[in-house]
1. Can you grab the distance from the C-alpha centre of the range 77-94 to the C-alpha centre of the range 47-68, Å, no decimals?
2. Classify the range 20-81 as rounded, prolate or oblate from the Cα gyration tensor: take a ≥ b ≥ c as the square roots of its eigenvalues, call it rounded if a/c is under 1.5, otherwise prolate when a/b beats b/c and oblate if not.
3. Restrict the search to the range 40-82; then list the trypsin sites (Lys or Arg not before Pro) that DSSP places in a loop and that have at most 12 other Cβ atoms within 10 Å of their Cβ.
4. Going from most exposed to least, what order do 27, 68, 112, 15 have by accessible area with a 1.4 Å probe?
5. Give me the accessible area per residue for the range 1-116, probe 1.4 Å, as a whole number in Å².
6. Determine the shape class of the range 48-105: with a ≥ b ≥ c the square roots of the Cα gyration tensor eigenvalues, call it rounded for a/c under 1.5, and otherwise prolate if a/b is greater than b/c, oblate otherwise.
7. Given a 1.4 Å probe and every protein chain left where it sits, what share in percent of the accessible area of the range 1-108 is carbon and sulfur?
8. Which value in nm describes the separation of the simple spin-label points at residue 23 and residue 75, placed 7 Å from the Cα toward the beta carbon?
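The values are calculated or read from the model by the stated rules, or taken from the named source; none is laboratory data. Just so it is clear, the model here is predicted, and its values are computed rather than measured. For neighbour counting, all protein chains shown are included, and Cβ atoms are generated from backbone atoms with ideal geometry for every residue, glycine included. In case anyone asks, the SASA skips ligands and DNA or RNA and just uses the protein heavy atoms, side chains included. Shrake-Rupley method; radii C 1.70, N 1.55, O 1.52, S 1.80 Å.
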Amino acid sequence: GGATSTVIGIDILFERLARARDAGVTEPLMCGDGIQMPIRDDSIDLVTLYTVFSSVLDEQLRQAIADEIGRVLRADGAILWYDLRVPNPSNRNLGAIPRRRLRSYFPDYAIESRSITLLPPLARRLGSGTESLYPMLARGRTSLRRRRSGSPCRTRGGDETGRQEARL
């Protein structure tokens with residue numbers, strides 16, 4: 001008997017949850033904004049965030065989401081985060097989240113992050129060379145990569161029973 005695992009999906013748009021159900025997702029799904037999650041304190045091992053902070057332009061709202069994540073995350077929990085590293089000049093509805101800003105949302109966490117995704121305008125221009133050039137360019141200069149992935153982890157220890165994951 002090892003630890004059990006539960007995955008909980010949360011999205012602000014009901015349509016996305018419906019598409020997940022249609023695609024065969026059977027885990028619990030909740031429609032919500034990430035500010036008041038109906039989840040117990042200190043009960044989640046891993047929170048995954050995919051372009052959440054860059055999609056929220058209001059700093060107070062971003063901090064409220066970070067605080068709520070801190071509330072539900074276990075003492076030894078982690079956050080797997082993927083977001084914009086630099087601004088997208090053609091889309092003012094997205095905001096860049098540099099590492100220092102992520103640190104301000106999660107000041108008590110050890111943060112590891114790296115740039116991983118090639119700038120989309122450059123990637124679109126690769127044409128027939130995409131298969132061979134994309135991997136080479138994505139490993140190259142950081143200035144060519146727009147998105148960052150990281151895992152802020154709490155720095156204090158905690159309980160390791162009953163694993164849960166929340167995806168925002």
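1. Taking the Cα centre of each part, the range 77-94 and the range 47-68 sit 10 Å apart.
2. In terms of gyration-tensor shape, oblate.
3. The qualifying sites are 40.
4. Of 27, 68, 112, 15, the descending order of accessible area is 112, 15, 27, 68.
5. For the range 1-116, the per-residue accessible area is 56 Å².
6. In terms of gyration-tensor shape, prolate.
7. After summing per-atom areas, the C and S share lands at 52 percent.
8. With each label point 7 Å from Cα toward Cβ, the separation is 3.6 nm.
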